[in-house]
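Right, one structure below, let's go through it.
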Amino acid sequence: MPKFLIWTLIGFAFLNTISVANSIDWSQDAGNAQRTGSTTEDPLEPWTFQWSFNGPDANGGTGNHLYDAPKEARTVTGNGNLYVPAGTQGLYALNLSNGTQIWHNTTTSFNATPAYDNGFVYAGGSDGRIYKIAAATGVSQSLNLGSPLNKAILIANEFVFAV
């Protein structure tokens with residue numbers, strides 16, 4: 001087993017026990033550990049616009065545009081929130097129903113998709129640390145893995161994997 005993977009698994013043994021995410025959440029890249037990118041849920045119609053983040057202002061201009069998302073940065077959901085990796089702008093937690101900001105972590109650049117499980121968001125930082133962030137409060141702890149983490153976090157079989 002590669003040395004990097006061993007340290008990742010050992011490091012997270014003290015942080016948390018991973019559980020199976022709620023099936024209604026899109027808790028990691030492509031929705032699940034298999035990376036299928038699909039769901040059996042049918043979106044209810046009629047569709048209506050709810051809210052916008054990092055998008056156009058009320059006049060259709062760029063007034064609300066905060067950042068250009070990194071290529072590997074996709075959003076995930078969990079605990080009623082949307083988690084948005086925003087590169088050099090950090091990581092945002094937004095209320096899923098109305099878009100209000102719950103917390104904003106600016107510790108480092110977050111350039112890739114985080115993962116949500118059991119009340120925590122796991123996100124790889126460009127500073128070589130993997131962060132375990134309390135979904136409700138934004139309070140975090142981290143483990144130094146020594147190299148920038150710019151690919152999506154994977155949660156599978158009670159383990160957190162980082163590349």
Check: Of the conditions (1) at pLDDT below 95; (2) under 17 Å from Trp26 (Cβ atoms); (3) in contact with a strand residue (DSSP E or B) (Cβ under 7 Å, 6 or more places away or on another chain), Ala156 fails just one. Which one is it?
Finding: (3)
Next item on the list: Kindly list, by first and then second residue, each pair from a residue in the range 60-89 that is in contact (Cβ under 8 Å) with a residue 24 or more places away in the chain and more than 23 Å from Thr137 (Cβ to Cβ) to a residue that is open to solvent by 70 Å² or more (accessible area, probe 1.4 Å) and in a loop (DSSP other than H, G, I, E, B), limited to pairs with Cβ atoms under 7 Å and residues at least 6 apart or on different chains.
Entry: Glu72/Lys151
Checklist line | Residues that are open to solvent by less than 60 Å² (accessible area, probe 1.4 Å) and farther than 18 Å from Thr106 by Cα, drawn from the range 132-160 | finding: Leu145, Ser147, Ala152, Ile153, Leu154, Ile155, Ala156, Val160
Item checked: Subset of the range 28-53 (residues that are at pLDDT 85 or above and open to solvent by less than 50 Å² (accessible area, probe 1.4 Å)) -> Gln28
Next item on the list: Would you point out which residue out of Ala112, Ala86, Ala123 is touching a Gly at 6+ places or on another chain (Cβ under 7 Å) and of a type outside the set (D, E, K, R)?
Entry: Ala112
Notebook entry, point to check: Does Pro56 satisfy the condition of being open to solvent by 30 Å² or more (accessible area, probe 1.4 Å), out of contact with any strand residue (DSSP E or B) (no Cβ under 7 Å at 6 or more places or on another chain) and modelled with pLDDT of 85 or more?
Noted result: no
Margin query: Criterion first (among the aliphatic types (A, V, I, L, M), closer than 27 Å to Gln141 by Cβ and in contact (Cβ under 8 Å) with a residue 60 or more places away in the chain) does Ala33 satisfy it?
Written below: yes
Margin query: Can you find, within the range 85-99, the residue that is farthest from the chain's Cα centre (by Cα) among those that are open to solvent by 10 Å² or more (accessible area, probe 1.4 Å) and not polar (S, T, N, Q)?
Written below: Gly99
Margin query: For the range 59-73, give me each residue that is loosely packed, with under 13 Cβ neighbours inside 10 Å and within 24 Å of Ala30 (Cα to Cα).
Written below: Asp68, Lys71
Check: Which pairs do you get when a residue that is more than 18 Å from Gly78 (Cα to Cα), found in the range 146-163, comes within reach of a residue that is open to solvent by 20 Å² or more (accessible area, probe 1.4 Å) and of a type in the set (Gly, Ala, Ser), reach meaning Cβ atoms under 7 angstrom, with the pair 6+ apart or on two chains?
Finding: Pro148/Ser126; Asn150/Ser126
Checklist line | Residue match in the range 106-123 (condition: open to solvent by less than 40 Å² (accessible area, probe 1.4 Å) and more than 20 Å from Trp26 (Cα to Cα)) | finding: yes
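The values are calculated or read from the model by the stated rules, or taken from the named source; none is laboratory data. Computed from a prediction, not measured in an experiment: that's the story for all the values here. So basically every Cβ, Gly included, is an ideal-geometry build from the backbone, and we count neighbours across all protein chains shown. When the accessible area is computed, the model is the full protein with side chains, heavy atoms only, and any ligands, DNA or RNA have been set aside. Shrake-Rupley method; radii C 1.70, N 1.55, O 1.52, S 1.80 Å.
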